[in-house]
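Right, one structure below, let's go through it.
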Amino acid sequence: MKPWRAVGNGLLMPVLTAVMLLGGCSAELFGDPEADFGDYRQRLARVFDTAFPAAPPPPEVLSPRYPQRRDLQLQASEFSLGILDIFALDACTVGQLVAQRNSALGKVMSASAVWRYEQAFLASVDDCVQTLGEDAAEATALMTALTEVRDIKRRELGIAQWNATFASAEFQSMFSTGDGLLQRNFRVAPSQQLSRVLERLLAYVEGEPTAALEDLETINATLVANPYPGRVLLSTQAMTAELESISDTLEALMTGGDGKPCRPAMLDEETSKIVVNVLEQVYVKRIQPYLAELQKAGHAWIGPLARLADAISIEEQPAVFKAFAEKYLDPKAGIWADFQAASRRHASLWTQVRPPVRPGSAAASVTEPDSAAGSDVVAAVSGLASDCSR
């Protein structure tokens, strides 16, 4: 499925209807949120006898594309030890580590392997100094140089951590949008699993330099296997556009098209029942829960991810990452603020007119769990057939 598929009025529903008739199944089995919004628009259009245009595809630049690795990677200081120095260090683990790093395989280490190497190097230097002692002048000079290298590497450990996380291929995969929008029946559990994995990475970053990193590969495998963040961001943008599109048409109906508010005329009782049914069966039962789950899925990992980024000690985060984070990784700004504003606007348009609704109905008191779409989404529903001049 393409990351975004615009649903046109009059095109999608006949196809879905034919499939449902042939397959003998109900629309509830379809988990496509775009189809749900298509159904919502179609039904509103029939009730109000007004076209509800499909949401336009967002411009390419608005798609949540995680920055390229080459723009995220940071360069650490380089050091080299001669063969004689490595031989002198052969009595301790530093010499073995340096030899491995200078080998053909060592030069193509993965970012996570480099992080493990830097940790091991820092942990072994003090042991090496103690092993060699300070008897020989040569050893003293070598240890002095090695200690200077260690101090620089300790200051630059954050670079290895950054390259192994935010600048890694695994994070690129985690933010992939290639699988398109999340379907209506998606679960928050994978996002919660990602949250736990990110918390483990955070513990490594905040831990002592001697902390073991044996399960980094397991963590990376989890990140690759769960590309939920990218799909959550993509779905959130798409749903914001869908809400805004329908709200634009509803607002035009309520203002007479000139932007000035007017008093809507009540629909007849039968038509009002149809409107309530559309709201309950489509928006309340299918769309609203999906929006709430998106909110939960995003907040499950955004917090740990932000803490991880803050914990890594580097001089400055790459500009492309800061721009991405401001737009997508702040739960109170960027696309999340747009999403909440669109949800509240949609709710407000329905609650501006208050016809009688049967007590206890879903349309009488509907709220979004965890404020996913604002406060009261629909406190009441009435017709938008207006006595405004056209």
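Among the residues of region 3-17, not a single one is among the aliphatic types (A, V, I, L, M), assigned to a helix (DSSP H, G or I), under 21 Å from SER235 (Cα atoms) and at pLDDT 70 or above. Across region 298-355, the qualifying residues are those that are among the hydroxyl-bearing types (Ser, Thr, Tyr) and under 21 Å from the mean Cα position of the chain (by Cα), and the one among them that is farthest from ALA189 (Cα to Cα) is SER343. In the set THR50, THR93, only one residue is modelled with pLDDT of 85 or more, of a type in the set (Val, Ile, Thr) and more than 30 Å from LYS322 (Cβ to Cβ); that residue is THR50. Between GLY334, GLY259, the distinction of being modelled with pLDDT under 90 and either touching a His at 6+ places or on another chain (Cβ under 9 Å) or at positive phi (or both) belongs to GLY259 only. Can you tell me which residue is farthest from VAL275 (Cα to Cα) among those in region 222-240 that are out of contact with any helix residue (DSSP H, G or I) (no Cβ under 8 Å at 6 or more places or on another chain) and either modelled with pLDDT of 90 or more or of a type outside the set (A, V, I, L, M) (or both)? Across region 222-240, the extreme among qualifying residues is ARG231. Taking ARG101 as the residue in question, decide whether it is farther than 30 Å from ALA323 by Cβ, assigned to a helix (DSSP H, G or I), open to solvent by 30 Å² or more (accessible area, probe 1.4 Å) and at pLDDT 85 or above. Taking the combined requirement at face value, the residue does not satisfy it.
Which of the following residues is within 25 Å of PRO304 (Cβ to Cβ) and acidic (Asp, Glu): GLU244, GLU156, GLU251?
Values: GLU244 fails: within 25 Å of PRO304 (Cβ to Cβ); GLU251 fails: within 25 Å of PRO304 (Cβ to Cβ).
Answer to the selection: GLU156.
Criterion first (within 15 Å of the chain's Cα centre (by Cα), of a type in the set (Asp, Glu), surrounded by fewer than 17 Cβ atoms within 10 Å (Cβ to Cβ) and modelled with pLDDT under 90) does ASP151 satisfy it? Considered against the rule, which asks whether it is within 15 Å of the chain's Cα centre (by Cα), of a type in the set (Asp, Glu), surrounded by fewer than 17 Cβ atoms within 10 Å (Cβ to Cβ) and modelled with pLDDT under 90, ASP151 comes out as no.
Remark: pairs (first residue in region 215-235, acidic (Asp, Glu); second residue open to solvent by less than 20 Å² (accessible area, probe 1.4 Å); Cβ separation under 8 Å; 6+ apart in sequence or on different chains) = GLU217/SER112.
From the set of residues in region 184-206 that are surrounded by fewer than 16 Cβ atoms within 10 Å (Cβ to Cβ) and over 17 Å from ILE219 (Cα atoms), which is nearest to the chain's Cα centre (by Cα)? By that ranking, first place goes to ARG187.
Scan region 340-354 and give yes if some residue there is farther than 22 Å from LEU294 by Cα and either open to solvent by 30 Å² or more (accessible area, probe 1.4 Å) or at pLDDT 85 or above (or both), otherwise no. Yes: one or more hits. Among the residues of region 277-294, those identified as of a type in the set (S, T, N, Q) and either over 19 Å from ILE246 (Cβ atoms) or open to solvent by 10 Å² or more (accessible area, probe 1.4 Å) (or both) are ASN277, GLN281.
The selection criterion, being under 23 Å from GLY230 (Cα atoms), surrounded by 14 or more Cβ atoms within 10 Å (Cβ to Cβ), at pLDDT 70 or above and within 37 Å of the chain's Cα centre (by Cα), holds for GLU34.
Taking the stated definitions as given, is GLU244 surrounded by fewer than 23 Cβ atoms within 10 Å (Cβ to Cβ) and either touching an Asp or Glu at 6+ places or on another chain (Cβ under 7 Å) or in a loop (DSSP other than H, G, I, E, B) (or both)?
Values: surrounded by fewer than 23 Cβ atoms within 10 Å (Cβ to Cβ): yes; either touching an Asp or Glu at 6+ places or on another chain (Cβ under 7 Å) or in a loop (DSSP other than H, G, I, E, B) (or both): no.
Here the answer is no, as GLU244 does not meet what is asked.
Of all residues in region 112-141, those that are among the hydrophobic types (A, V, I, L, M, F, W, C), surrounded by fewer than 20 Cβ atoms within 10 Å (Cβ to Cβ) and modelled with pLDDT under 75 total 4.
The values are calculated or read from the model by the stated rules, or taken from the named source; none is laboratory data. Just so we're clear, the structure is a prediction, and the values are computed from it rather than from any experiment. We place every Cβ from the backbone using ideal geometry, glycine too, and count neighbours over all the protein chains shown. All accessible areas refer to the heavy atoms of the entire protein, side chains included, with ligands and DNA or RNA removed. Shrake-Rupley method; radii C 1.70, N 1.55, O 1.52, S 1.80 Å.
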